[in-house]
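The values are calculated or read from the model by the stated rules, or taken from the named source; none is laboratory data. No experiment lies behind these values; they were computed from the predicted model shown. With ideal geometry, Cβ positions are generated from the backbone for all residues, glycine too; neighbour counts draw on all protein chains shown. Accessible surface is based on the protein model in full, side chains and every heavy atom, while ligands, DNA and RNA are left aside. Shrake-Rupley method; radii C 1.70, N 1.55, O 1.52, S 1.80 Å.
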Amino acid sequence: MSRKKSQRSKGNSSPASCSIPPPKENGKVGNDTHTNGMVMAGRPSLSNSGEFYDISFKVMLVGDSGVGKTCLLVRFKDGAFLAGSFISTVGIDFRNKVLNVDGVKVKLQIWDTAGQERFRSVTHAYYRDAHALLLLYDVTNKSSFDNIQAWLTEIHEYAQKDVVIMLLGNKVDSAHERVVKLEDGERLAKEYGVPFMETSAKSGLNVELAFTAIAKELKHRSMKTPNEPKFKLHDYVKKEVKGSGCCKS
Ligand SMILES: Nc1nc2c(ncn2[C@@H]2O[C@H](COP(=O)(O)OP(=O)(O)OP(=O)(O)O)[C@@H](O)[C@H]2O)c(=O)[nH]1
Ligand SMILES: [Mg+2]
């Protein structure tokens, strides 16, 4: 698989509080067959990290700078939240994680994009290959929520028509600083017909669920097993999502 070269920081910034350590693997997949960008392995493939997988998808994290994209990925990949000062992602980076979805090993190649405007053209180039997009805003930052519409316009311009989109309202642990209500997120998601949940990279709330739901949807889309009931992403999210358990403002 040919992969576009990632634009990495060349040392002009020190690691962010949630900076991703240098990748142990570079997303190169060995003997895979590619179907519309999706990687199908005829027999289980071995990822560079030594994990077997049956099928592979690309997921992109997008949203304004500071909404918590990198932290969300670090929480999902490493189960950690590294508190500290915030330093923005430069360009684009990625991590792989293999999930077991109903007995099928699904590898998610998760691209962490820079939210800063000056990297937008880098991000545009990656939309085309994405199978799913996690679009984040920060519940403590109104403008990050107001910008969701612009992000969706951009997504519709650059991404594939059938890309799976999920809206995430991050930082729900910061109850006292919350300025975007749960209902506002729900309303916006309904308006655009996308599934929605609130998350916290800090506490871990719904982080696993967001990625698992995406993996299930992509797996079901690509492997239609006869007699298997149709997977409904919206219903699954509604059933599984956990509330922040606190203070709607
Ligand atoms: N309280 C709280 N803080 C968070 C959470 N997620 C991220 N943060 C903080 O928000 C700041 C920005 O987080 P990042 O993950 O680096 O943001 P980003 O979206 O990757 O930003 P860019 O790389 O510039 O696009 C950091 O100081 C994090 O510690 C969260 O769930 N809760
Ligand atoms: Mg980042």
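With respect to Val90, is the statement that it is within 11 Å of ligand 1 (Cβ to nearest atom), in a loop (DSSP other than H, G, I, E, B), of a type in the set (Val, Ile, Thr) and under 20 Å from Thr140 (Cα atoms) true? Answer is no for this residue.
Among the residues making up region 155-200, those that are more than 16 Å from ligand 2 (Cβ to nearest atom), among the β-branched types (Val, Ile, Thr) and either under 13 Å from Val139 (Cβ atoms) or over 13 Å from the mean Cα position of the chain (by Cα) (or both) are Ile155, Val172, Val179, Val180, Val194. Take Leu168 and tell me if it is buried (at least 18 other Cβ atoms within 10 Å of the Cβ), in contact with a Phe, Trp or Tyr (Cβ under 7 Å, 6 or more places away or on another chain) and in contact (Cβ under 8 Å) with a residue 40 or more places away in the chain. When the stated conditions are applied, Leu168 does not pass them. Looking at region 111-123, is at least one residue more than 10 Å from ligand 1 (Cβ to nearest atom), in contact (Cβ under 8 Å) with a residue 24 or more places away in the chain and over 27 Å from Val180 (Cα atoms)? Yes; the residues of region 111-123 include at least one that is more than 10 Å from ligand 1 (Cβ to nearest atom), in contact (Cβ under 8 Å) with a residue 24 or more places away in the chain and over 27 Å from Val180 (Cα atoms). Cβ-Cβ distances below 9 Å connect the following pairs, each with a first residue in region 59-86 that is near ligand 2 (Cβ under 9 Å from one of its atoms), a second residue that is part of a helix (DSSP H, G or I) and open to solvent by 60 Å² or more (accessible area, probe 1.4 Å), and a separation of six or more residues or different chains: Ser65/Glu117. When region 171-194 is filtered for residues that are closer than 19 Å to Leu73 by Cα and open to solvent by less than 20 Å² (accessible area, probe 1.4 Å), only Val172 remains. Among residues of region 106-133 being in a loop (DSSP other than H, G, I, E, B) and within 23 Å of Glu217 (Cα to Cα), the one that is most open to solvent (accessible area, probe 1.4 Å) is Arg128.
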